[in-house]
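These notes are about the structure you will find just below.
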Amino acid sequence: QVTLVESGGGLVQPGGSLRLSCAASGSINSLYAMGWSRQAPGKQRELVAEITTGGMTNYADSVKGRFTISRDNAKNTVYLQMHTLKPEDTAVYYCNFRIHLVGGAFKTYWGQGTQVTVSS
């Protein structure tokens, strides 16, 4: 069983910074990518950033230039460094690990979520 544990959320003022961390317990076979998504009240969950084990990254347009995703493959950990935070960044942030299954399919494991609140 794979468990993802998130940390780093909290309350910050607009323009502030936070770093989120997500670590997987135990070993993970066939890991392909790690990522972060978020869900604000009344809205659908949206992709924020993702990174493959090879280092290829992808960001939502709304966070491009402000957020940076990184990973430590040896520690099974993914980070999201957030700068210049805005009130519209307020959401529950969920990390995910995607593994590559036989036959070309993927399976995604999700963290429990961590609350990020940006408010003055």
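The values are calculated or read from the model by the stated rules, or taken from the named source; none is laboratory data. What you see is a predicted model, and the numbers here were worked out from it, not measured in a lab. Cβ coordinates were reconstructed from backbone atoms using ideal geometry, including for glycine residues, and neighbour counts include every protein chain displayed. Ligands, DNA and RNA are excluded from the accessible area calculation, which covers all protein heavy atoms including side chains. Shrake-Rupley method; radii C 1.70, N 1.55, O 1.52, S 1.80 Å.
Can you find, within the range 28-62, the residue that is surrounded by the most Cβ atoms within 10 Å (Cβ to Cβ) among those that are touching a residue at least 60 places away in the same chain (Cβ under 8 Å) and under 15 Å from PHE106 (Cα atoms)?
The residue in question is MET34.
Within the range 1-16, can you find the residues that are over 15 Å from the mean Cα position of the chain (by Cα), small (Gly, Ala, Ser) and open to solvent by 30 Å² or more (accessible area, probe 1.4 Å)?
GLY15
How do the pairs read when you match residues in the range 104-119 that are within 12 Å of ARG38 (Cβ to Cβ) with residues anywhere that are of a type in the set (Val, Ile, Thr) and open to solvent by 60 Å² or more (accessible area, probe 1.4 Å), using Cβ under 9 Å and keeping only pairs 6 or more apart or on different chains?
Qualifying pairs under 9 Å: GLY111/THR3; GLY111/VAL5.
When both residues are 6+ apart or on different chains and their Cβ atoms are under 7 Å apart, which pairs have a first residue that lies in the range 1-24 and is more than 15 Å from THR84 (Cβ to Cβ) and part of a loop (DSSP other than H, G, I, E, B), and a second that is open to solvent by 40 Å² or more (accessible area, probe 1.4 Å) and of a type outside the set (S, T, N, Q)?
VAL2/GLY26; VAL2/TYR109; GLY8/ARG19
Quick one: TYR32 ticks every box in (1) part of a strand (DSSP E or B); (2) modelled with pLDDT of 95 or more bar one, so which box is it?
(2)
Could you list all residues from the range 72-97 that are open to solvent by 30 Å² or more (accessible area, probe 1.4 Å), at pLDDT 95 or above and of a type outside the set (Ser, Thr, Tyr)?
GLN81, HIS83, LYS86, PRO87, GLU88, VAL92 - these are the residues of the range 72-97 that are open to solvent by 30 Å² or more (accessible area, probe 1.4 Å), at pLDDT 95 or above and of a type outside the set (Ser, Thr, Tyr).
Which numbered condition in (1) of a type in the set (A, V, I, L, M, F, W, C); (2) more than 11 Å from the chain's Cα centre (by Cα); (3) at pLDDT 95 or above is the only one that LEU47 fails?
Unmet for LEU47, out of (1) of a type in the set (A, V, I, L, M, F, W, C); (2) more than 11 Å from the chain's Cα centre (by Cα); (3) at pLDDT 95 or above: (2).
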